[in-house]
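Visitor: The structure under discussion is supplied below as structure tokens; questions concerning it will follow.
Coordinate-derived values only; no laboratory data. All values reported here derive from a predicted model rather than from experimental measurement. So basically every Cβ, Gly included, is an ideal-geometry build from the backbone, and we count neighbours across all protein chains shown.
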Amino acid sequence: MIDCFVYETLFDWEGRRRNAAAIEERMASSDFWTNPEKAQETVSELRGINSILKPLEEALHVSSDVEALAQLASEDSSIESELSSETDRLEKLVDALELASLLSGPHDASNAIVSINARDGGTDANDWAEMLMRMYSLWASKHEYSIELLDRQDDAVAGIQSAAFAIRGPWAYGYMKGEMGIHRLVRISPFNAEGKRQTSFAAVDVSPEIADDDTEIELRDEDIREDVFRASGAGGQHVNKTSSAIRMTHFPTGIVVQCQSERSQHKNRATAIKMLRSRIARLEEEKRDAEQLARYKQQPKTGFGSQIRNYFLHPDQRVKDQRTGHYVGSFQSVLDGNLDGFFDAYLRWKASGSAPAATSDE
């Protein structure tokens, strides 16, 4: 059975119920949608609360049913099959709640801003970067998260040089943050006339989306250089006539962000500031994690051999995470956005404080 006290305390059940009720009351007011952007943030906040509250309430209800069925089954053996079914259901709910308890970082409940950059591998790397963007978009869609493209630099031949996009939904950053690092693809190159095997790399960066009114992240005008330039890529004649794209450099951290997805320079600037806030927040989180990294004398790398995950299409199909050892034998399934197994394995691995898994992959 579920220890109600533990789960109610761990997940602050009463506190979440009060917050949900207060938000629902605000949403019922006639002027709630006066500010659509703020209203949408409130709706997202309620979804985040309910993503824990509803499964917890269901688990507590099923736990009560299982306890009652267990008493009845001791007198009537015909109830044993129903008891077994409800027990299995309860175990799955508890597993999901235990996983949710691992999402305890300061920004885990936030939306995620994901950046993908092609690295070594030429045109294959550009193609690989676009494949990764599709993979994360499909995962987000499966979970009914929204996706907003913030920036995209197409390659002249195929794929993308880089892209940045926001994934918005409950605990998006908590799940996505484990994807940060180098992703390696091995396949027969479709861009090589000789049909040779090609190894390609793409770098994924994930940051929490920080609200504009967040006071923890202070941005001073004197610390930022802003460059305006003409947008490139798809977008019609407009992109060649106006300097609407924005690039921002943050001197204290060396972080550089850019946005050219909107026709309005003002909108691109607002998005770039949000991206900058997010990157700084993630940098602060990395500092807090530095002690754990140092425990294994493991420092982040960016070159060959530093990949967090290998994706193979040749000589056989498989995908394996270098840190957790989690393995999937279907390359296409992973590329179609079935990533929950990797996310779950990463959260449990990180919580356990385990050293990186040994691997014999090429």
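Visitor: For the range 173-184, in order, what is each residue's ³J(HN,Hα) by Karplus, 6.51 cos²θ - 1.76 cosθ + 1.60 with θ = phi - 60°, in whole Hz (x at glycine and Pro)?
Guide: With the stated coefficients, the range 173-184 comes to 5, x, 7, 7, 5, x, 7, 5, x, 8, 10, 10 Hz.
Visitor: Could you pull out every residue, at least 5 positions away or on a different chain, whose amide H is within less than 5 Å of the one on residue 324? Hs are placed 1.01 Å off N in the peptide plane, and Pro or chain starts have none.
Guide: 357
Visitor: For a Förster distance of 25 Å, can you work out the FRET efficiency between the beta-carbons of residue 158 and residue 225, rounded to the nearest 0.05?
Guide: According to the calculation, E is roughly 0.15.
Visitor: From the phi angles alone, apply the Karplus equation (6.51, -1.76, 1.60; θ = phi - 60°) to the range 118-127 and give each ³J(HN,Hα) in whole Hz, x where the residue is Gly or Pro.
Guide: 5, 10, 5, x, x, 4, 4, 5, 5, 5
Visitor: State which entries of 92/142; 196/350; 54/177; 38/274; 38/350; 274/350 exceed 26 angstrom in Cα-Cα distance in the structure shown.
Guide: 196/350; 38/350; 274/350
Visitor: Multiply the residue gap between residue 54 and residue 75 by 0.36 nm, knock off their C-alpha separation, and tell me the result in nm, one decimal place. It would help to have the intermediate numbers written out before the result.
Guide: Details: separation 21, 0.36 × 21 = 7.56 nm, distance 3.24 nm.
That works out to 4.3 nm of additional length.
Visitor: Still on this structure: Residue 155's amide H: which non-local residues (gap 5+, or another chain) put their own amide H closer than 5 Å, with H modeled 1.01 Å from N in plane and none for Pro or chain starts?
Guide: When sequence neighbours closer than 5 places are left aside, the close amide H contacts are 160, 161.
Visitor: Per 0.36 nm of contour for each residue apart, how much would the distance between residue 32 and residue 142 grow if the chain were fully extended, relative to their Cα-Cα spacing?
Guide: 36.7 nm
Visitor: Output ³J(HN,Hα) for the range 80-93: one whole-Hz value per residue in order, computed from phi by the Karplus curve 6.51 cos²θ - 1.76 cosθ + 1.60 with θ = phi - 60°, and x for Gly and Pro.
Guide: 4, 5, 5, 4, 4, 4, 5, 5, 4, 4, 5, 4, 5, 5
Visitor: Distance in nm between label sites at residue 21 and residue 98, each 7 Å beyond Cα in the beta-carbon direction?
Guide: 3.2 nm
Visitor: What fraction of the DSSP beta bridges in the range 112-352 is antiparallel, stated in percent and rounded to the nearest 5?
Guide: If we restrict to bridges inside the range 112-352, about 90 percent are antiparallel.
Visitor: What is the calculated FRET efficiency for residue 286 to residue 41, with r their C-beta to C-beta distance and R₀ = 41 Å, to the nearest 0.05? Provide the component values of the computation, followed by the final result.
Guide: Numbers: r = 26 Å, r/R0 = 0.62.
So the FRET efficiency works out to roughly 0.95.
Visitor: Right, next: By how many nm would the segment from residue 256 to residue 194 lengthen if fully extended, with 0.36 nm per residue of separation less the alpha-carbon distance? Each step should come with its number before you reach the end.
Guide: Details: separation 62, 0.36 × 62 = 22.32 nm, distance 3.87 nm.
Length difference between fully extended and current span is 18.5 nm.
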